[in-house]
Each structure stands twice: as C-alpha cells, then as structure tokens.
Amino acid sequence: MADKFISLEGIAKRYPAPGGTTTIFENLWLAMNRGEFTCVIGHSGCGKTTVLNILAGLDQPSEGTVIVDNLAIEGPSLDRAVIFQGHSLLPWRTVMGNVAYAVSSKWRRWNAAQVRAQAQKFIDLVGLTGSEHKRPSELSGGMKQRVGIARALSIQPKMMLMDEPFSALDALTRGTLQDEVRRICQETGQTTFMITHDVDEAIYLADRIVLMTNGPGAVMAEVVENPLPKSRVRIDIHKHPLYYAVRNHIIDFLVMRSRTFVEQTPGFDPRKVPVVRPGVDAPPMPPDSTVVRLASHAH
Amino acid sequence: MTRRSLNLRAALVSVLIFAAFIGAWHLATRGIGAVQQMDPEYAKLMGATATQGKSAMPGPLDVGAKLWEHLRRPFYDNGPNDKGLGIQIAYSIARVAIGYFLAIAVAIPIGFMIGMSPLMNKALDPFIQVLKPISPLAWMPLALYTIKDSGLSAIFVIFICSLWPMMINTAFGVSAVRKEWLNVARTLEVGTLRRAFTVILPAAAPTIVTGMRISIGIAWLVIVAAEMLVGGTGIGYFVWNEWNNLSITNVINAILLIGLVGMVLDQILARAARLVTFPE
Ligand SMILES: Nc1ncnc2c1ncn2[C@@H]1O[C@H](COP(=O)(O)OP(=O)(O)OP(=O)(O)O)[C@@H](O)[C@H]1O
Ligand SMILES: [Mg+2]
C-alpha cells in the first residue's frame, strides 16, 4: 500500500424503514492504489451503486468518510468522472455537445475552438469519428456508452467510476469496448473503480476484484488479487492456467457463499478484508458448511 | 402512399362536410317566411324580414359578402363605434400579447423556484391552489377599481389567467428533470445558474411550452369576454357592439375571425413545442 489514493473508511448507508432503519451496508473499509483497476462484484441490490455514488460524492454515507488524496471528499468533483449505469447523455445535445459540455465545465476559460479540439480528441479515441453531430436517440446502445466513456475521459479525471458500463450491450460490442477501456486505462494510468455482474469482464479488466455479500448488511468479504499477467489479452485469457482458479473462486462465492458469508464467518474484521490469490496461495479453507448450517439451525 | 391517400380522403371529407353545412345553412335562411301586407312606412321599419319573407338569420352569401367587405377594408377608422375588423382584432392581439408576455416573465421564474425548492413548493402551494380556480373575469371589478383603466384591466385579466398553467407546468417540468441529468451536472461541478440554463431549462422546456400553449388558449378565450365587459375596442367589444346593432352578419364574421386567430396562436405554440422537444 505504498500509494494509497482512495480509501473508504468505515462507510455505512442506512435508509429509514417501517419500524426502524434498514442497513444496506455498514463498516466498509477499502483502499485503492493509484493507477489500479478495481472491480466490485455482488448480487443485485447489495449496494454497489450506492458505494459508487458515495465515492462520486453524489450520495452521502450515513457513517464514515471517503478519503481521496488524503482529503475527505465533500461532494462531487471533476477529479472523479462517473460513467452511469444508464448512459445518461443529455438527449438534446449532440455527441459533440455532450462531450464538449464536460470539457467546457472543466476548463471554463477555454474558447470554443479549444473545447472542440479536446472533445474531438476523445470522440476519436472511442471510435466515434463521424458521428459528432448525431443526437443520442440516433445512436446504438454501444455508441451511447462510448459517448459516456468519451465524456468521462475528456475531463482527464484522476479517477474513473463506472457503474456496469457494458451490461446493456451485446457480447461483441461489449468485448470491443472492454478492449478499449483497458487500453485507455493502461495508457493513461487511470485509477478505476468499476461495478460489474460479469465475472469474465472483471477478470479481464481488473487488478483487484472486491466480492460483496448480499444485503441488507452487506460487507466486502474478500479482495481477489488477479494473478493473471498484466499483458493478458481477451482472446486467450481463458487458456491461462490460473484463469479457472480465479473464475471458479468468484463464482463459488457468488453462488454459495455470498448469502451466508456473514453468519459463517464469525469474528470477521471488516477493516482487514482478506486478500486472496486463487491458484497461487493455498486455497483458503472452506468453512465446514454442514456444521455451520446445523449450528445456525440450532438457534 | 397510404398516408397520402388518407390525407387526401380526409381533406375530401372535410370539404364535403363544409359544403353540406353551407348548403344546409343556405336552405335554412332562404326567404320562406310569409309576406305581410302593411303600411310602407311600417314595412321600412320592420326591414326585409317582414317585407320580403327573408329570414332574420343571415345566409352564407350575406356573411360572405360582408366578409369580402371587411377583407377589402380591414383597417378603416370611422370613430369609436365603427372601426375595421383588422383594427379591432389588432387591439385584442396586442392586449393578449402584453398580458401573456408579462405572465411568462413572472410565471417561469416562479415556476423554476417552486420546482427547484421543495420549501417554496410547499409554501406557495396553498396560494396557487386558491388563486388558480378563480375565474379570471372575477378579477375584473377589482382591476377596474385599482387600475382605473379599462384597457389595462383587460391586460391584467389576461395576465392573471395565463399565469397559472405556465407556472404549474414549469414547476412540474423543473421538479421532474431526470436525476441522472442533474447528476451529470453535479459531477461536472456545474454551478446553479449554469445548471438551470444548460440542464433544467432544456429538460423542462417541453413541459413549459405545453403550459404556454394551454395559457395562450385560455387567454384568447378570456379576451373576448373581457373586452365585452370593458368595451371601447377589441374584437370582444366588436361582437357586443354588432349585437347591439343587430348585425348578426358582423357577429358571425367576428366569430369566424376569433376562431382563426385562436388557431394561429395555437399553431405558433405547437411549432415552438416541436422545436424544444427532444427524442430520447
Ligand atoms: N432511496 C432509497 N430508500 C430506500 N432504500 C433504497 C434507496 N435507494 C436504494 N435503496 C436500497 O439500497 C439497496 C442498494 O441499492 P443499489 O442501487 O446500491 O444496489 P446495486 O448493488 O447497485 O444493485 P444492482 O446490481 O441491481 O444495480 C437496494 O436494496 C435498494 O433497495
Ligand atoms: Mg447498481
């Protein structure tokens, strides 16, 4: 943890509910290094978007703080660009208009030509050259998502926050965009926090994969360190000897352990989330689920 | 192809309905009444109705002839009780325009405030709920008493009746702006004023223009009644004056003109609505 860039410090989110409050999650601790690509995987409704919104400054945690660059965040910032779960382009603006809006928000003194040049650079980068004057309604889902990426990158943020950016896309477009995002992140050394439901996507893109348990009362159960080499390419990633070890570990978590993790791990310290490297370290001893289940029945 | 033939057939049906209406009107107002024998002096007083069996209701040909007269001399001015139809309608349009633009200037900023601030929304809601259902003409005596000018009072009535639909629609449009779009502005650290103009205004514009369209319709309905009350000038006054002159021909012409102008005003706003709507 030489260059801790962002850390979640004991954040919680609670909502009022009939007869008290529901705790979506509490006591989340997570640190991210500069230039690192972190993916979060967890079942629907466990609070991933909420965590991302708190990181973005769009939502306030009920407890705890988020530290970025040694400062507690106070609301949204141009340093942290967000790619939203829906593409959320402004439908009355063209592709160029949407990207230029972000650029001119960041550099308010720039003249129109400077803004256009910067916007054009990032429209070209995501491969939308020639579609500058189309409106979002005239674009395909993949193209809209690319505009969202161009808009986020164009302000040259210190960090990118992506909420299931590719989940609405077909497999082919998704693959292409994954390649592009990976290339861009490596070239620019972006620190990236991404939510996904797609295990293969996480393994391909992420340096570290955070596994979240089901809510309510979700916790970050494990941080899976990706043992695959940085130089991995999508085509033959599944041929890597460690690929299935990682994949099976994550899927096993999602299918078997995410629901019962909290009960099965008494004394779990949320401040010291275990880091695992499936296939490299000795496999973590699976808790004897039969015994625990019987024990919980006895309650 | 099919679309075009549909339009063509619709136009054909419209023409047929129009022809049937005019035909029925003509037949119904033809001279069929009994002709009475009477003293020529008295007959002169009674007019053509009694002497030639002509219906008191003008036929389409009478109205057409009168319309032609008006169209040839729309802007003549022979004193307070005899002005061209063009002048009268121009007065009405001017009053509507002034009252309406004043209402825009007041309703849209207040609507923005209500839409953006839940506090103001709650605080102003009772006033709006009580003021909105008041017939605009009910304000007339109060306006006449305080403003002491009939023309200005008519403008005030237009102002007050145009206010509510625009204010309510603006508030609704502003408060219903999609959260994602506001979040885009927030993550870009866009200031309040710039956000109002670059995100909220374009997002709420279709709803706002719908309110403006409702308002112009109401304003045009109300101006006729208002001018009948205050008198002097305007198409409403013209209608009332011609009724007092028992010139049903002129009344019918005025009605026709009121409808046409109302349609044009509505179409202008419809076009504005098309300009600001965005496909999603
Ligand atoms: N305003 C709110 N009031 C009450 N509960 C809320 C509110 N907003 C979100 N929640 C709850 O918080 C939980 C987490 O929501 P969140 O959107 O973060 O889930 P998510 O992990 O992103 O799910 P998905 O994978 O489906 O996007 C959900 O169970 C949701 O019901
Ligand atoms: Mg989500």
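Roughly what % of Cα-Cα distances in chain B sit above 25 Å, to the whole percent?
Roughly 62 percent, once rounded to a whole number.
Given the options A:Glu138, A:Glu180, A:Glu225, which has the most mean-square fluctuation in a GNM of chain A, springs set between C-alpha atoms less than 10 angstrom apart?
Largest GNM mean-square fluctuation: A:Glu138.
If you plug each phi of the range B:93-103 into the Karplus form 6.51 cos²θ - 1.76 cosθ + 1.60 with θ = phi - 60°, what whole-Hz ³J(HN,Hα) values come out, in order, with x for Gly and Pro?
Ordered by residue, 3J(HN,Hα) equals 4, 4, 4, 4, 4, 5, x, 5, 5, 4, 5 Hz.
Suppose the chain between B:Ile268 and B:Ala97 were pulled fully straight at 0.36 nm per residue; how much longer would it get relative to their current alpha carbon spacing?
Length difference between fully extended and current span is 60.3 nm.
What FRET efficiency comes out for B:Asn81 versus B:Ala20 if R0 is 45 angstrom and r is the Cβ-Cβ distance? Round to the nearest 0.05.
0.75
Nearest 10 degrees is fine. How inclined is helix A:289-298 to the longest principal axis of chain A, computing both from alpha carbons?
Computed tilt is about 70 degrees.
Using a Gaussian network model of chain B with C-alpha springs under 10 Å, which one of B:Ala225, B:Ala138, B:Ala103 is most mobile by mean-square fluctuation?
In the Gaussian network model the winner is B:Ala138.
So how far apart, in nm, are the two label points at B:Leu27 and B:Ala11 if each is 7 Å from Cα heading toward Cβ?
2.8 nm
For the range A:28-37, in order, what is each residue's ³J(HN,Hα) by Karplus, 6.51 cos²θ - 1.76 cosθ + 1.60 with θ = phi - 60°, in whole Hz (x at glycine and Pro)?
Calculated HN-Hα couplings, in order: 8, 10, 7, 10, 10, 8, 5, x, 9, 9 Hz.
May I ask you to evaluate 6.51 cos²θ - 1.76 cosθ + 1.60, the Karplus curve with θ = phi - 60°, for each residue of the range B:234-243 and list the ³J(HN,Hα) values in order in whole Hz, giving x for glycine and proline?
Karplus values, whole Hz, x for Gly and Pro: x, 5, x, 4, 4, 4, 5, 5, 5, 5.
Can you sort B:His26, B:His70 by 1.4 Å-probe accessible area, starting with the largest?
From most exposed to least exposed: B:His26, B:His70.
Please give the average number of partner chain Cβ atoms lying within 10 Å of the Cβ of each residue in B:190-199, rounded to a whole number.
Counting other chains' Cβ atoms within 10 Å and averaging over B:190-199 gives 2.
Considering every residue in A:90-96, what mean count of other chain Cβ atoms within 10 Å of its Cβ is obtained?
Rounded to a whole number, the mean comes out at 5.
For chain A, what is the calculated [θ] at 222 nm in deg cm²/dmol (nearest 500), taking -39500 (n - 2.57) for each run of four or more DSSP H residues and dividing by its residue count?
Helix-only estimate at 222 nm: -10000 deg cm²/dmol.
Could you check what % of the DSSP bridge pairs in the protein assembly as shown are antiparallel, to the nearest 5?
If we restrict to bridges inside the protein assembly as shown, about 55 percent are antiparallel.
Sort B:Leu163, B:Leu102, A:Leu71 by heavy-atom solvent-accessible area, probe 1.4 angstrom, most to least.
A:Leu71, B:Leu102, B:Leu163
Can you check what the net charge comes to around B:Val209, using other residues whose Cβ is under 14 Å from the Cβ of B:Val209 (Lys, Arg +1; Asp, Glu -1)?
+2
Can you show me the helix-derived [θ] at 222 nm for chain B, built from DSSP H runs with n ≥ 4 at -39,500 (n - 2.57) apiece and divided by the number of residues, rounded to the nearest 500.
Computed ellipticity for chain B at 222 nm equals -25500 deg cm²/dmol.
Dividing the Cα convex hull volume of chain A by residue count, how many Å³ per residue is that?
Spread over its residues, the Cα hull of chain A gives 154 Å³ apiece.
For peptide A:35-46, compute the average count of partner chain beta-carbon atoms within 10 Å of each residue's beta-carbon.
Neighbouring Cβ atoms belonging to other protein chains average 0 per residue here.
Could you tell me what % of all Cα pairs in the range A:88-156 have separations over 19 Å?
Counting pairs separated by more than 19 Å, the tail of P(r) holds 20 percent.
What distance in nm lies between label points placed 7 Å from Cα along the C-beta direction at B:Glu180 and A:His238?
Distance between label points: 3.1 nm.
Only Cα pairs within less than 10 Å get springs; with that Gaussian network setup on chain B, which residue of B:Ser135, B:Ser150, B:Ser215 has the largest fluctuation?
Taking springs between Cα atoms under 10 Å, the residue moving most is B:Ser135.
Once you've got the Cα coordinates, tell me which of B:Lys83/B:Lys148; A:Lys4/A:Lys158; A:Lys106/A:Lys158; A:Lys121/A:Lys144 are over 22 Å apart.
B:Lys83/B:Lys148
Cα centroid distance between the range A:224-265 and the range A:26-84, in Å?
One Cα centre to the other: 23 Å.
Take every Cα pair under 8 Å in the range A:149-278 that's 6+ residues apart, average their separations, divide by the length, and report that relative contact order as a whole percent.
Result for the range A:149-278 is 23 percent.
The values are calculated or read from the model by the stated rules, or taken from the named source; none is laboratory data. All values derive from a computational prediction rather than experimental measurement. Positions of Cβ are generated from backbone atoms using ideal geometry, with glycine treated the same way; all protein chains shown enter the neighbour counts. For accessibility, only protein heavy atoms count, side chains too; no ligands or nucleic acids. Shrake-Rupley method; radii C 1.70, N 1.55, O 1.52, S 1.80 Å.
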